[in-house]
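Each reported figure results from applying straightforward, stated rules to the coordinates on display, with no laboratory input. Nothing here was measured: the structure is a model prediction, and the numbers come from that model. Here the Cβ positions follow ideal geometry from the backbone for every residue, glycine too, while neighbour counts run over all protein chains shown.
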Amino acid sequence: MVEQTPPMIQVQKLVKRFGLKTVLRSLDFSVQPGEFVALLGPNGAGKTTFLRILSSLSSPTLGTVTISGYSLPGQAAAVRRRLGVVSHLPLLYGDLSAEENLTFYGRLYAVEGLKARIDEVLEIVGLAPRRRDLVRTFSRGMQQRLAIGRAILHDPDVLLLDEPHTGLDQDACAMLDEVLRQVSGLGRTVVMTSHDLARAEDLASRFDILSRGRIQASVKAEDLPVNGLLAFYRESLRAADSRPRHEVAA
Amino acid sequence: MASKPRLLTVLDIVTALLMAAAIYMVFIFAPMERVMGAVQKVFYFHVAAGWAGMLGFFVAFVAGIVYLITKQSRWDRVELAGVEIGLVFMFICIVTGSIWARPIWNTWWTWDPRLTTATIMELAYAAYMMLRSGIEDPERRARFGAVYSIVAFISVPLTFFSIRIFRTIHPVVIGSNDPTAQGTFNMTPAMGQTFAFSLIAFSFLFAALLWHRIRLGKLQEDVERLKLQLQS
Amino acid sequence: MRTAVTRPAGTPFVRSMLAVVWKDLAAEWRSKEILSSMLVFALLVILIFNFALELDASARREATAGILWVTLAFAGTLGLNRSMAVEKDRGCLDGLLLAPVDRTAIYFGKSIANWLFMLSVALIVLPVYSILYNVNLFNPGLLMVILLGSEGYVAIGTLLSSMAVQTRMRDILLPILLFPVIIPVVLASVKASYGYLQGSAMTDIQPWITLLVASDLIFTAVAFMVFDYVVEE
């Protein structure tokens with residue numbers, strides 16, 4: 001039934017090479033508005049590279065990427081306005097307070113009613129009491145919270161997260177899950193890479209397995225038996241490994 | 001893997017013949033300069049090497065611009081070839097200049113605009129090589145290399161003029177009669193012919209080396225690709 | 001050039017540029033890392049020159065312009081490196097690039113902030129030098145030269161430091177990349193400063209000022225045109 005609406009993210013035949021090394025080989029990927037996709041796969045499968053391309057930080061070698069109807073890298077500014085990104089680094093300035101960091105990014109995104117929005121976001125990520133403290137003094141978990149606040153500040157249509165749970169304690173993870181559910185509940189599209197299958201299974205509505213530069217398998221949450229993600233993940237990787245590799249010489 | 005193009009072989013042979021002829025002209029054909037004597041013969045290859053060096057940096061500058069527009073790695077290879085060859089020729093130019101300056105100016109080194117500019121260029125392009133060696137990702141290496149080859153080349157005329165405003169003692173042999181320059185001489189027709197011939201010979205040498213270096217870069221890349229294919 | 005394409009979706013150029021300047025100044029106001037390290041280093045360089053050159057009254061007259069500019073150029077690389085390292089440390093450069101702003105707005109924002117840092121250092125070094133050596137450096141001509149010279153310096157320095165910070169060698173690479181190409185700016189600044197301090201005739205100073213302005217314009221224009229390629233993958 002979702003097939004009628006145009007996809008929020010549409011990736012076709014995406015190839016990314018670093019010099020002679022091919023990281024993504026003709027990857028196809030499509031996300032409907034409101035979907036929460038967990039991108040799973042072993043280390044070196046190209047998850048981070050793929051996310052960097054989606055977030056417009058890296059341009060594709062070949063293939064097309066369209067987000068919300070705008071293509072990359074041609075209409076990057078329009079795409080950027082609709083994207084929120086949480087990378088494995090916090091992207092924050094240590095010598096600015098939480099509030100000042102948000103003020104700065106809010107100005108870059110030309111957010112309307114910035115002051116009120118900052119109050120709102122600080123409330124969501126639970127940093128309101130420490131709004132005037134320097135980010136330098138924050139723990140890893142608090143920096144990550146603020147990083148999420150930074151990513152949702154301009155109310156993006158699409159949220160991209162690269163291993164957001166890494167290095168977080170239980171409380172921070174719970175808070176992150178809470179924020180993600182809230183964002184996804186508002187009908188926003190979320191793409192998240194993860195190593196943590198249990199957490200991913202809790203949150204996402206779809207699971208894509210990325211290995212050897214391609215999406216090898218995809219399954220919707222409702223089609224998966226309870227706690228069936230691990231089995232699905234292993235089965236997909238095994239199938240991918242046994243498939244002969246048709247290397248395309250560059 | 002492509003075998004050596006026939007035109008390149010022809011170019012190699014022509015270059016070898018031209019260089020042999022240029023050496024003959026410099027040492028046998030051209031008359032001995034009356035005041036300076038044998039050391040004046042440095043002049044023919046000194047200027048020709050400087051010319052080839054500038055040509056190399058200019059090729060790198062143009063290839064850098066084309067690379068940024070097209071993002072094709074072949075232009076990166078052209079740029080690197082231009083810089084490497086330019087570095088060698090400019091070095092030859094500086095050393096031969098020093099050999100000439102010792103008896104004529106009575107010093108190995110002076111802070112003359114051309115000499116100083118050549119040296120600063122040499123340093124800038126040495127920095128270019130260091131910049132490249134500090135980057136793993138070939139695409140980024142090519143981009144940064146292109147940017148720096150453009151910046152470095154554009155600063156050359158500015159550097160030259162800035163040092164030019166100081167007084168110069170470097171002789172300007174062609175089209176100048178500045179009385180303060182030391183070591184000027186009037187070229188006889190045979191000297192002029194030798195000089196022109198050296199420039200042509202060095203231009204051919206430059207072209208042949210550039211082609212070989214670009215080809216070497218391509219072969220290097222092919223080897224890398226084959227290695228990667230073997231691994232996977 | 002890609003920068004010429006209009007991006008209606010982007011945040012206005014001046015607004016995003018000023019945001020970057022404000023951010024750099026606010027962070028510096030907190031930490032004072034850049035200014036304090038540049039200042040202490042600049043004063044140390046001046047002291048070392050004093051011992052190395054045995055500056056008596058007449059030597060000082062000859063050497064002041066040179067010492068000032070060597071000091072500013074060395075302290076400048078320190079500031080440029082630090083200012084870019086801040087962007088790289090917590091991935092902030094990616095944060096800037098993720099925003100819907102023109103890349104050249106980021107470049108000019110960083111350049112203006114770096115320029116202000118360099119001018120602040122000069123503003124403190126000048127009176128200190130005047131007191132230490134009993135020479136009057138408050139000369140409008142000299143101030144203008146410092147304004148022009150540091151502009152050219154940060155124009156190309158900001159570009160090169162954003163490259164250097166993305167390499168394996170990071171901060172050691174900046175002076176090596178910067179000094180060979182910045183010589184026209186430094187030389188013209190030294191000579192023009194010398195002219196003003198000696199009270200030379202305007203005809204002697206003019207060619208240097210012309211060269212300085214030309215270098216500033218050319219370097220700023222080139223950096224403006226290629227900055228996109230330094231940050232866009």
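Miscellaneous remarks
- For peptides B:10-23, B:120-133, sequence by mean Cβ density within 10 Å, most packed first: B:120-133, B:10-23
- Total formal charge among the other residues, if their Cβ is under 14 angstrom from that of A:P129, Lys/Arg +1 and Asp/Glu -1: 0
- The relative contact order of the range C:12-231 comes to 26 percent, based on Cα pairs under 8 Å that sit 6 or more residues apart.
- With at most 13 other Cβ atoms within 10 Å, longest stretch of chain A clear of loop trypsin sites (Lys or Arg not before Pro) (DSSP): A:1-131
- Averaging over all projection directions, the Cα-based convex hull of the range C:15-145 occupies 8.9 nm² in the image plane.
- Share antiparallel - DSSP beta bridges, the protein assembly as shown, percent rounded to 5: 55 percent
- Positive end of the dipole of the protein assembly as shown (Cβ unit charges, origin at the Cα centre): among B:A127, C:Y107, C:T11, the Cα lying farthest that way belongs to B:A127.
- From least to most packed, judged by other beta carbons within 10 angstrom and beginning with the fewest, C:W69, B:W51 follow the order B:W51, C:W69.
- The helix-only estimate of mean residue ellipticity at 222 nm for the protein assembly as shown, built from DSSP H runs of length n ≥ 4 each weighted as -39500 (n - 2.57), is -21500 deg cm²/dmol after division by the residue total.
- Largest-first principal axis extents of the Cα set of the range C:59-131 (Å): 53, 20, 17
- Centroid-to-centroid, using Cα positions, the range A:2-37 and the range A:121-190 are 25 Å apart.
- A Förster radius of 35 Å, combined with the Cβ-Cβ distance separating C:I131 from C:W29, puts the computed FRET efficiency at roughly 0.85.
- Unit charges on C-beta of K, R, D, E only; dipole of the protein assembly as shown, Debye: 1300 debye
- Value of D in µm² per second that Stokes-Einstein yields for the range C:155-222, Kirkwood Rh from Cα pairs, at 10 °C (1.306 mPa s): 120 µm²/s
- Selection from C:V40, C:A85, C:P184 lying farthest towards where the dipole of chain C points positive, charges on Cβ: C:A85
- Relative to the Cα centre, the charge distribution of chain A, modelled as +1 at Lys and Arg Cβ and -1 at Asp and Glu Cβ, gives a dipole magnitude of about 1000 debye.
- Karplus (6.51, -1.76, 1.60) ³J(HN,Hα), θ = phi - 60°, over the range A:68-77, in Hz, Gly and Pro reported as x: 6, x, 9, 9, 10, x, x, 10, 4, 4
- Ellipsoid semi-axes in whole angstrom, largest first, where each is sqrt(5λ) of the Cα gyration tensor of the range B:22-174: 34, 17, 12
- The H on the amide N of A:L161, modeled in the peptide plane, is under 5 Å from the matching H of A:V86, A:V191, A:M192, A:T193, each at least 5 residues off or on a different chain.
- One Cα centroid belongs to the range B:28-80, the other to the range C:150-199; the line between them spans 27 Å.
- Unit Cα scatterers, Debye sum, chain A: log10 I(q)/I(0) for q = 0.08, 0.09, 0.12 Å⁻¹: -0.31, -0.40, -0.71
- Restricting attention to chain A, close to 55% of DSSP beta bridges with both partner residues there are antiparallel.
- Span from the the range C:46-72 Cα centroid across to the the range B:91-114 one, whole angstrom: 30 Å
- Size check on the range C:12-231: the Cα extents along the three principal axes, sorted descending, read 56, 35, 30 Å.
- Positive-end residue, the range A:58-163 charge dipole about Cα centroid, Cβ charges, pick of A:G149, A:A110, A:L96: A:L96
- Rounded to the nearest 20, the size of the Cβ-charge dipole of the range C:12-231 about its Cα centre is 340 debye, with Lys and Arg at +1 and Asp and Glu at -1.
- ³J(HN,Hα) computed for each position of the range B:184-199 - Karplus, 6.51 cos²θ - 1.76 cosθ + 1.60, integer Hz, glycine/proline x: 6, 8, 8, 7, 7, x, 5, 5, x, 5, 4, 4, 4, 5, 4, 4
- Taking other Cβ atoms within 10 Å as a rough exposure proxy, B:D112, A:D157, A:D241, A:D177 sort from fewest to most as A:D241, A:D177, A:D157, B:D112.
- 5 angstrom amide H check on A:G41, placed H, neighbours 5+ away: A:S194, A:L210
- Ellipsoid fit via the Cα gyration tensor, the protein assembly as shown: semi-axes of 54, 36, 18 Å, each the root of five times an eigenvalue, largest first.
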